[in-house]
Amino acid sequence: MRQVSAFAFSVLSILCVSTTAHAGAFDYLAENSCQQAVEEKVKAAHSDASNIGYGGSKMSQVEQNTSVKGKGHFSSGGNQTSFTYSCEYNIVSGDASNVNLQMAGATASN
């Protein structure tokens, strides 16, 4: 039976952690970039939008693009409106594109 040296095991562990860290960094950049693009779209449609919040983001990466999907809410005119969004983030260019925003019905806030 062949034994794996402690050195080889250490190198493999570092490579796995490094790859995970890079993926996490791209997820963070993708999420932030897409949320900024969504916020611009919300404010373009509702100039008095405030208290914009996000939650439930999910990301998937294919080659150099990270697809971000999530949900959020904002206040406007005394109402609370929820929305879902999707966006593509290019990890090479750092650009967010294909921003799709779906508004749900507004509900009165207290």
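Could you please let me know if T84 is buried (at least 17 other Cβ atoms within 10 Å of the Cβ), assigned to a strand (DSSP E or B) and on the phi < 0 side of the Ramachandran plot?
Numbers: buried (at least 17 other Cβ atoms within 10 Å of the Cβ): no; assigned to a strand (DSSP E or B): yes; on the phi < 0 side of the Ramachandran plot: yes.
In short, no.
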Looking only at region 83-107, count how many residues are more than 17 Å from C34 (Cβ to Cβ) and of a type in the set (S, T, Y).
1
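Bear in mind these aren't lab numbers, they're just calculated from the coordinates by the rules spelled out. Owing to the predicted nature of the structure, the values given are computational and were not obtained by experimental measurement. Note that each Cβ is placed from the backbone with ideal geometry, even for glycine, and that neighbours are counted across all protein chains shown.
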